[in-house]
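The values are calculated or read from the model by the stated rules, or taken from the named source; none is laboratory data. Predicted, not measured: the structure shown is a model, and the values here were computed from it. Cβ coordinates were reconstructed from backbone atoms using ideal geometry, including for glycine residues, and neighbour counts include every protein chain displayed.
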Amino acid sequence: SQKIEQNSEALNIQEGKTATLTCNYTNYSPAYLQWYRQDPGRGPVFLLLIRENEKEKRKERLKVTFDTTLKQSLFHITASQPADSATYLCALNDYKLSFGAGTTVTVRA
Amino acid sequence: EAGVAQSPRYKIIEKRQSVAFWCNPISGHATLYWYQQILGQGPKLLIQFQNNGVVDDSQLPKDRFSAERLKGVDSTLKIQPAKLEDSAVYLCASSRLGAGEATDTQYFGPGTRLTVL
């Protein structure tokens, strides 16, 4: 069956450090992978999209990698700030958007 | 640009009752989506409209859930009768392009939190 797995544990990190989140998938062949941010009581907000032929994508302090051989994407937040505290969702595009359960990140000042 | 609007924000009902949610997408967006997000899980697509036609409703429990998109703009999602397992946040999203445009960005509303007692 199809499965999308993100870090099961919440991530607690010190301000200024890099947070690394993992998204692994099975039985999908996505052409695109997206990352979203979700704050409590709000809907997800789109952050980044990476195509299957792109190895890496950057946006400000965010970096995403996509390895279709490993069936894995890594999401990095560099120089993290307390304002980065949120749940981060990965989503795969096959013919519709399928989401992982998300990883909650807390950045301590 | 105004975002996706949803109402109500919260709803508490008893099992076997009916409930309806409303969504107003971003102006000009062709595609509208309804998702169900159970606590601790990611959003799950229930139904996707392009303009006023249904593109995908494969995960919609059609024995109790129904949805329509009026004149290709606003949409309502109804549950009748509700079950305890329907307790979740119901998210509406819209996107500018048509279905199948995989790079199309989806914009989400704040959601309606439904509690079924």
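A few comments on the model shown:
- The stretch A:32-50 - residue that is in a loop (DSSP other than H, G, I, E, B) and in contact with a strand residue (DSSP E or B) (Cβ under 6 Å, 6 or more places away or on another chain) and, of those, nearest to the other protein chains (Cβ to nearest Cβ): A:GLY43
- Being more than 11 Å from chain A (Cβ to nearest Cβ) and β-branched (Val, Ile, Thr) is a property that B:ILE13 has.
- Per the conditions (1) surrounded by fewer than 17 Cβ atoms within 10 Å (Cβ to Cβ); (2) modelled with pLDDT of 95 or more, the sole criterion not satisfied by A:ALA86 is (1).
- Residue match in the stretch B:15-27 (condition: surrounded by 17 or more Cβ atoms within 10 Å (Cβ to Cβ), assigned to a strand (DSSP E or B), modelled with pLDDT under 95 and not aromatic (Phe, Trp, Tyr)): no
- Residue check, B:LEU39 loosely packed, with under 14 Cβ neighbours inside 10 Å, within 14 Å of another protein chain (Cβ to nearest Cβ) and closer than 24 Å to A:TRP35 by Cα: yes
- Taking the criterion of being farther than 19 Å from B:LEU45 by Cβ and either within 14 Å of chain B (Cβ to nearest Cβ) or in a helix (DSSP H, G or I) (or both), the residues of the stretch A:89-109 that qualify are A:THR103, A:THR104.
- Any hit, the stretch B:85-102, residues being over 23 Å from A:GLN38 (Cα atoms), away from chain A (no Cβ under 14 Å) and either touching a strand residue (DSSP E or B) at 6+ places or on another chain (Cβ under 9 Å) or surrounded by fewer than 17 Cβ atoms within 10 Å (Cβ to Cβ) (or both): no
- Of all residues in the stretch B:40-59, those satisfying the criterion of being under 20 Å from A:PHE46 (Cα atoms) and assigned to a loop (DSSP other than H, G, I, E, B) are B:GLY40, B:GLN41, B:GLY42, B:PRO43.
- Cβ pairs under 7 Å, 6+ apart, first in the stretch A:93-109 and without any contact (Cβ under 8 Å) to a residue 40 or more places away in the chain, second buried (at least 19 other Cβ atoms within 10 Å of the Cβ): A:LYS96/B:LEU45; A:LYS96/B:GLN48
- Scanning the stretch B:103-117 for residues that are out of contact with any Leu (no Cβ under 7 Å at 6 or more places or on another chain) and more than 10 Å from chain A (Cβ to nearest Cβ) turns up B:THR112, B:LEU114, B:THR115, B:LEU117.
- Search result, residues across the stretch A:59-82 that are aliphatic (A, V, I, L, M) and part of a strand (DSSP E or B): A:LEU62, A:VAL64, A:LEU74, A:ILE77
Yes/no matrix, rows are residues, columns are (1) under 17 Å from the mean Cα position of the chain (by Cα); (2) within 20 Å of B:GLN36 (Cα to Cα); (3) among the aliphatic types (A, V, I, L, M):
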| position | (1), (2), (3) |
| --- | --- |
| A:THR18 | yes, no, no |
| A:CYS23 | yes, no, no |
| A:TYR28 | yes, no, no |
| A:ALA31 | yes, no, yes |
| A:GLY41 | no, yes, no |
| A:PRO44 | yes, yes, no |
| A:LEU48 | yes, no, yes |
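- Scanning the stretch B:44-83 for residues that are in contact with a Ser or Thr (Cβ under 6 Å, 6 or more places away or on another chain) and within 14 Å of chain A (Cβ to nearest Cβ) turns up just one, B:GLN50.
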